[in-house]
Amino acid sequence: MKIATVIRHVPDAEASIRVADGRVDLDGVTFILDGMDEYGTEEAVRLREAGAEAEIIVFAVGPARTEDAIRTALGMGADRAVFLETDAEPDVLAEARLLADLIREEDVDLVFTGGKQADRDTSALGAALAELLGWPLSDWTTSLELEDGTVRTRHDTDDGTRELVLPLPAVVTTQQGLNEPRYITLPNIMKARRKEIRHADAGAAESQTRVTDRTIETRERRAEIIDGDAATAARELVRRLQEEAKVL
């Protein structure tokens, strides 16, 4: 079988992001493999280690720097990669169309992608891929196992968890709790440099949305001093938490 792991190269969560003239200034920002995509790559490798006869293929859409994230996924144990390099910024649906074509071309059986993309703060990519491919979807997955042409998963819902049994091919979105991604050793980093990265054609998928402006969200904190001695101030604080904030 063939297992796909779809990845993105995103700013490090610790990076300081600036906005200038309505655009995000990424100069000097450190980029990493999206943390949720690490869970998908790790799960693919674990399935093979557990006995699945699988080839693991990394799929990515993005600018040239995305190759760093691809090499990270290859260092974790993926076999090869398909990279659609583009400086354009396709929206989620446009990226899903591009990826769906590449996944069909490779005749993939199981697709992993992160439950949410950190740079977009959206969980739409997995659902869009499943819709375009016409495959079943398990989103926000916390456990998974293969069983005779099906994949059995447990995933989070608004009111708890639910178990699913999906026929292959299928799409699975991953999150924290599914596994613990491995540390990449130096020998595997060296091996990753020799693994194949096939550069695919950018295709013609057009974004259906247009970004007109970007701003950094800020929230001012309300600071208020409660007068009186300690006992009086404490009683007033409790009253406000109960009656106004309604958190007690």
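The values are calculated or read from the model by the stated rules, or taken from the named source; none is laboratory data. Since the model is a prediction, treat every value here as computed from it, not as a measurement. As a convention, Cβ positions derive from the backbone with ideal geometry for all residues, glycine included, and neighbour counts pool all protein chains shown.
When the residues of the stretch 162-199 are narrowed to those that are among the hydroxyl-bearing types (Ser, Thr, Tyr) and touching a Phe, Trp or Tyr at 6+ places or on another chain (Cβ under 8 Å), which ends up surrounded by the fewest Cβ atoms within 10 Å (Cβ to Cβ)? Break it down stepwise before answering.
Start the filter on the stretch 162-199 by keeping residues that are among the hydroxyl-bearing types (Ser, Thr, Tyr), which leaves 173-174, 183, 185.
Then keep just the ones that are touching a Phe, Trp or Tyr at 6+ places or on another chain (Cβ under 8 Å); that gives 173-174.
Details: Thr173: 27, Thr174: 30.
The qualifying residue surrounded by the fewest Cβ atoms within 10 Å (Cβ to Cβ) is Thr173.
Which residues, taken from the stretch 1-25, are at pLDDT 85 or above and not β-branched (Val, Ile, Thr)? So that I can check it myself, show each step before the final result.
First, the residues of the stretch 1-25 that are at pLDDT 85 or above: 1-12.
Once the filter is applied, which keeps residues that are at pLDDT 85 or above and not β-branched (Val, Ile, Thr), the stretch 1-25 yields Met1, Lys2, Ala4, Arg8, His9, Pro11, Asp12.
Considering only residues that are surrounded by 13 or more Cβ atoms within 10 Å (Cβ to Cβ) and over 14 Å from Arg71 (Cα atoms), look in the stretch 27-41 and name the one that is nearest to the chain's Cα centre (by Cα).
Start the filter on the stretch 27-41 by keeping residues that are surrounded by 13 or more Cβ atoms within 10 Å (Cβ to Cβ), which leaves 29, 31-41.
From what is left, the residues that are over 14 Å from Arg71 (Cα atoms) are 29, 35-36, 39-40.
Values: Val29: 19, Gly35: 7, Met36: 4, Tyr39: 9, Gly40: 8 Å.
Checked the stretch 27-41; the qualifying residue nearest to the chain's Cα centre (by Cα) is Met36.
Among Gly149, Gly114, Gly134, Gly160, which is touching a strand residue (DSSP E or B) at 6+ places or on another chain (Cβ under 8 Å) and over 28 Å from Ile32 (Cβ atoms)?
On the way: Gly114 fails: over 28 Å from Ile32 (Cβ atoms); Gly134 fails: touching a strand residue (DSSP E or B) at 6+ places or on another chain (Cβ under 8 Å); Gly160 fails: touching a strand residue (DSSP E or B) at 6+ places or on another chain (Cβ under 8 Å).
Being touching a strand residue (DSSP E or B) at 6+ places or on another chain (Cβ under 8 Å) and over 28 Å from Ile32 (Cβ atoms) holds for just one of Gly149, Gly114, Gly134, Gly160, which is Gly149.
Which residues, taken from the stretch 158-180, are without any contact (Cβ under 8 Å) to a residue 12 or more places away in the chain and of a type outside the set (D, E, K, R)?
Taking the stretch 158-180 first, the residues without any contact (Cβ under 8 Å) to a residue 12 or more places away in the chain are 158-160, 162-163.
Passing the criteria: only Gly160.
Which residues, taken from the stretch 36-81, are among the basic types (Lys, Arg), outside any strand (DSSP E or B) and closer than 18 Å to Ala200 by Cβ?
Taking the stretch 36-81 and keeping what is among the basic types (Lys, Arg), we get 46, 48, 65, 71, 80.
Adding the requirement that they be outside any strand (DSSP E or B) leaves 46, 48, 65, 71.
Scanning the stretch 36-81 gives Arg65, Arg71.
Ile184 - would you say it is outside any strand (DSSP E or B), β-branched (Val, Ile, Thr) and within 21 Å of Tyr39 (Cβ to Cβ)? Steps first, answer last, please.
Numbers: outside any strand (DSSP E or B): yes; β-branched (Val, Ile, Thr): yes; within 21 Å of Tyr39 (Cβ to Cβ): yes.
When the stated conditions are applied, Ile184 passes them.
Testing Arg48 on (1) modelled with pLDDT under 95; (2) surrounded by fewer than 20 Cβ atoms within 10 Å (Cβ to Cβ), one condition comes back false. Which one is that?
It fails just one condition, (1).
Tell me the residue from Asp229, Asp148, Asp213, Asp159 that is within 19 Å of Lys2 (Cβ to Cβ), acidic (Asp, Glu) and exposed (fewer than 11 other Cβ atoms within 10 Å of the Cβ), please. Even if it seems obvious, please write down each step before you answer.
On the way: Asp229 fails: within 19 Å of Lys2 (Cβ to Cβ); Asp213 fails: within 19 Å of Lys2 (Cβ to Cβ); Asp159 fails: within 19 Å of Lys2 (Cβ to Cβ).
Being within 19 Å of Lys2 (Cβ to Cβ), acidic (Asp, Glu) and exposed (fewer than 11 other Cβ atoms within 10 Å of the Cβ) holds for just one of Asp229, Asp148, Asp213, Asp159, which is Asp148.
Got a sec? Which of Gly126, Gly149, Gly134, Gly114 is out of contact with any His (no Cβ under 8 Å at 6 or more places or on another chain), of a type outside the set (Asp, Glu) and without any contact (Cβ under 8 Å) to a residue 12 or more places away in the chain? Before the answer, list the steps.
Values: Gly126 fails: without any contact (Cβ under 8 Å) to a residue 12 or more places away in the chain; Gly149 fails: without any contact (Cβ under 8 Å) to a residue 12 or more places away in the chain; Gly114 fails: without any contact (Cβ under 8 Å) to a residue 12 or more places away in the chain.
Sole residue among the options that is out of contact with any His (no Cβ under 8 Å at 6 or more places or on another chain), of a type outside the set (Asp, Glu) and without any contact (Cβ under 8 Å) to a residue 12 or more places away in the chain: Gly134.
Which condition breaks for Asp107 when tested against (1) more than 30 Å from Ala20 (Cα to Cα); (2) modelled with pLDDT under 95; (3) more than 18 Å from the chain's Cα centre (by Cα)?
Every condition holds for Asp107 apart from (2).
Only one of these is in a strand (DSSP E or B), under 16 Å from the mean Cα position of the chain (by Cα), farther than 16 Å from Val6 by Cα and polar (S, T, N, Q): Thr153, Thr113, Thr142. Name it.
Numbers: Thr153 fails: under 16 Å from the mean Cα position of the chain (by Cα); Thr113 fails: farther than 16 Å from Val6 by Cα.
Answer to the selection: Thr142.
Name the residue, out of Leu93, Leu98, that is in contact with a helix residue (DSSP H, G or I) (Cβ under 9 Å, 6 or more places away or on another chain) and in a helix (DSSP H, G or I).
Values: Leu98 fails: in contact with a helix residue (DSSP H, G or I) (Cβ under 9 Å, 6 or more places away or on another chain).
Answer to the check: Leu93.
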